[in-house]
Amino acid sequence: MIVLAIDAGTTGVTALVVTENGQIISKGYEEFAQHFPEPGRVEHNPEDIWQATLSACATALRGTTQTPSCVGLTNQRETAVLWDRRTLAAPRRAIVWQDRRTAALCGRLREAAHEPRVSELTGLRLDPYFTATKLTWLAENDPRVWEGVESGHVAIGTVDSYLIARLTAGARHVTDPSNASRTLLYGLASGTWEPELCELFGVPEEALPEIVPNYGPIGRTEPSAFLGLDVPISGVAGDQQAALFGQTCFDVGDVKCTYGTGSFVLTNLGGEIVRSESGLLTTVAWQTPSGERTFALEGSIFVTGAAVAVAA
């Protein structure tokens, strides 16, 4: 089995052609632009992410004569992406996980005493880092785009959802629990979108993607859209949960730390939802096709590698 693995990060996309025993046959990489329209604001053009994905994958595929058996995807998390369901074009730039424009909104929700209930349901806290307040901001500040969301013409998702939509030429609008659990809209206990949270943040539940397991028959690439390939999409996970799995942290108590744009420490909790008393976040690590979920505790430093890059 040969896997085409796609890592859509914050500043670029890496594509690897990998054998079933983990040997890397070939590699491609393509950067894309970050936009900083105002202090504290970070945006991506979704089309740039897609074009970088095509370029990185084309480079990786040129490095081998073997045809992939399937595609696996991992991605920067929490970034809010909107796209037209018919054309797949994005009506505006994505709001990136690093963006802090919703700090005042989080403050208002905190003052209104919503944080304890939000934390109880999601394992997260009210912070601009997560997707939901970005969507609330769009509803309040970009009514033209939000009208498309409410009418059903515009889809909402994170980067995984957007890329799967592009890979399948719009046939699939899905996400996985590891990404969904970073939105402030997903219930840790229920394993679904929470109507209470959708109402709080003003997000139409019908605009959100279907939540599917982290591996299995997630979708199939459309050859006319994706480099002539007609192969299954067999795995998807947010980048930090994917790193936890990739570093074989399969047992309760196993810990990994990865360094990229930021740094992230995750601890495998097994099937138990554990609440931190030290400010760590509880999140979904992965979910099997049978519905069994593994949870994790996470600690984050938003800027590490990015600071080194700026200093250099």
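The values are calculated or read from the model by the stated rules, or taken from the named source; none is laboratory data. As the structure is a computational prediction, the values presented were derived from the model and not from experiment. Cβ coordinates were reconstructed from backbone atoms using ideal geometry, including for glycine residues, and neighbour counts include every protein chain displayed. Heavy atoms of the whole protein, side chains included, go into the accessibility calculation; ligands, DNA and RNA do not. Shrake-Rupley method; radii C 1.70, N 1.55, O 1.52, S 1.80 Å.
Some observations on this one:
- Paramagnetic label zone (point 7 Å from Cα along Cα-to-C-beta, T11; backbone N under 19 Å) in segment 66-86: 75-79
- R85-A113 FRET efficiency (beta carbon distance; Förster radius 35 Å; 0.05 resolution): 0.45
- Sequence-distant contacts, meaning Cα pairs under 8 Å at least 6 residues apart, place the relative contact order of the chain at 15 percent.
- Extension reserve of the R92-S300 stretch, reckoned as 0.36 nm per residue once the Cα distance is removed: 72.1 nm
- 1.4 Å probe accessible area per residue over the chain, in Å²: 42 Å²
- In the chain, the DSSP beta bridges split such that about 75 percent are antiparallel, to the nearest 5.
- Overall dimensions of segment 200-312 by Cα: Rg and Dmax, Å: 17.1, 50
- When a 1.4 Å probe is rolled over the protein heavy atoms, the share of accessible surface on the chain that falls to carbon and sulfur comes to 52 percent.
- Each of (i) 28, 23, 19; (ii) 42, 21, 19; (iii) 34, 21, 18 is a candidate for semi-axes √(5λ) of the Cα gyration tensor in Å; the one calculated from this structure is (i).
- Per residue, the convex hull spanned by the Cα atoms of segment 100-168 amounts to 115 cubic angstrom.
- Length gained when the stretch R100-E47 is fully extended (0.36 nm per residue, less Cα-Cα span): 16.8 nm
- Computed from the C-beta positions of D127 and V252, the FRET efficiency with R₀ = 35 Å rounds to 0.85.
- Residues whose placed amide H lies under 5 Å from that of T175, excluding near-sequence neighbours: E210, I211, V212
- Selection from T53, T87, Q23, by position along the positive dipole direction of segment 10-99 (Cβ): T87
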